[in-house]
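For reference, the structure is listed below as C-alpha cells.
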Ligand SMILES: Cc1cc2nc3c(=O)[nH]c(=O)nc-3n(C[C@H](O)[C@H](O)[C@H](O)COP(=O)(O)OP(=O)(O)OC[C@H]3O[C@@H](n4cnc5c(N)ncnc54)[C@H](O)[C@@H]3O)c2cc1C
Ligand code: FES
C-alpha cells in the first residue's frame, strides 16, 4: 500500500450521473485487482478533513481511472479539479472480488457507485451477465465505457426510459428463472437497499455470492473502526477484511447471527 501524490491527467463529466478522473502512477496501478479501492485526500485544506474512498474503475499500465458521482462536499470539490491539479491518493486497499468461480454462471448486479468496480471485474474475468440499475436513461453509461465487457448487459431504469422498467432485482429474478438458481453465483455492489434486496433473493433461492460493502471510511487502514461490518465471527473493519464479503459472512440488521 502506498500514499502517493498524483497529478490529474483528465477529470470530466461523462453523463448526467458520472465523472471520470484519470491519473498515472506506477505504484497505485501495480497488481491491482477488481474490488480494491483507493483513499483520496481531495483537498489539502481542513474541510473536508477525511479522505474519501473510490473503487478502481480501470487500470492500463500505470494509468488509473475512477468513475464517481457527486454526493456531497468532497465529491463536489473533486469534480471541480482541473487537469494538472494534485491529489494525495493511498492504495491499493482492501480485498478483491473472487476472480474465478468454477461451474457457475457469474451474475454481476450493479447500481450507483457500485458500477465502477463491477465493470472493472467484467473487463477482466469471464462474466455471464452484468445487470445495471439506474433511475433513467440519462444515467446510463455511454456505450464505449462498456465496449470491453463481453457479458450480456441488461439495464433497468426506474422510469422505464431505458431497458426494463423497475428495479435491477427484477432483472436478477429473470436471470435466475432462465439459468436456475443452482447454476448462479452473484457479485453485487451498489446502494445498501439494492444489495439488501439482492441478498434477500439470494437467501431465498440458496444462491451464494459476494457484496462489496460501501461503508463510510475515515482512515482506510483499520485504525479508526469507523467502517465495521458484522460477521459471524464478530465486527470486522471493512477497509481491511472487505470491502468484498461473502453473503454468508455478512450479518445484516434484523438477522440473527
Ligand atoms: C470501498 C468504497 C468504494 C467506493 N467507490 C466509489 C466509486 O467508485 N465511485 C463513487 O462515486 N463513490 C464511491 N464510493 C462512495 C464515495 O466514497 C462517497 O460517495 C464519498 O465518500 C462521498 O463523499 P462526499 O464528501 O461527496 O459526501 P459526504 O458529504 O460525505 O456525504 C454526502 C452523502 O453521501 C452519502 N455517502 C457518503 N459516503 C457514502 C458511501 N460510502 N456510500 C453511499 N453513500 C455515501 C452520505 O450518507 C450523504 O448522504 C465508495 C465508497 C467505498 C466505501
Ligand atoms: S476506515 Fe478506519 S477502520 Fe476502516
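Just so it is clear, none of the values below were taken in a lab; they were calculated from the coordinates. Not measured: the values here are computed from a predicted model. Quick reminder, even Gly has a Cβ in these numbers, built from the backbone with ideal geometry, and neighbours come from all protein chains shown.
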### Task
Obtain the radius of gyration and the Kirkwood radius of the range 2-93 from its C-alpha atoms and give Rg over Rh.
0.92
### Query
When DSSP assigns beta bridges and you keep just the ones with both residues in the chain, what percent turn out antiparallel, to the nearest 5?
60 percent
### Query
Can you put 81, 171 in order, fewest other beta carbons within 10 Å first?
81, 171
### Task
Could you line up 105, 148 from fewest to most neighbouring Cβ atoms inside 10 Å?
148, 105
### Message
As I understand it, the value is the acute angle between the Cα axis of helix 115-124 and the longest principal axis of the Cα atoms of the chain; what does it come to in degrees, rounded to 10?
### Response
80 degrees
### Summary
With only helices counted (DSSP H, runs n ≥ 4, each -39500 (n - 2.57)), the per-residue ellipticity at 222 nm for the chain, to the nearest 500, works out to -5500 deg cm²/dmol
### Query
Using only the Cα atoms, what convex hull volume per residue in Å³ does the range 213-257 have?
68 Å³
### Task
Would you calculate the volume per residue, in Å³, of the smallest convex hull containing every Cα atom of the range 53-192?
135 Å³
### Query
Once you treat every alpha carbon in the chain as an equal point and sum by Debye, what is log10 I(q)/I(0) at q = 0.12, 0.15 Å⁻¹?
-0.69, -1.10
### Task
Could I get the Rg over Rh figure for the range 175-257? Both from C-alpha atoms, Rh via Kirkwood, rounded to two places.
1.01
#### Entry: Relative contact order of the chain, defined on C-alpha pairs under 8 angstrom at six or more residues apart (%)
18 percent
### Message
Can you say what percent of the DSSP beta bridges in the range 134-257, counting only those with both residues inside, are antiparallel? Round to 5.
### Response
50 percent
### Task
Round to the nearest 10 and give me the degree value, 0 to 90, for the angle of helix 168-179's Cα axis relative to the longest principal axis of the chain.
50 degrees
## Note on the structure
Measuring from the longest principal axis of the C-alpha atoms of the chain, the long axis of helix 192-205 (C-alpha) lies at a number of degrees, nearest 10, equal to 30 degrees
#### Entry: Surface/4 estimate of mean projected area, convex hull on alpha-carbon atoms of the range 163-212, nm²
3.4 nm²
### Within the range 108-146: backbone nitrogen closer than 12 Å to the residue 14 label point (7 Å, Cα to C-beta)
115-120, 140-146
### Summary
Working note, the range 129-226: Cα radius of gyration (Å, one decimal) and Dmax (Å, whole number) are 15.3, 45
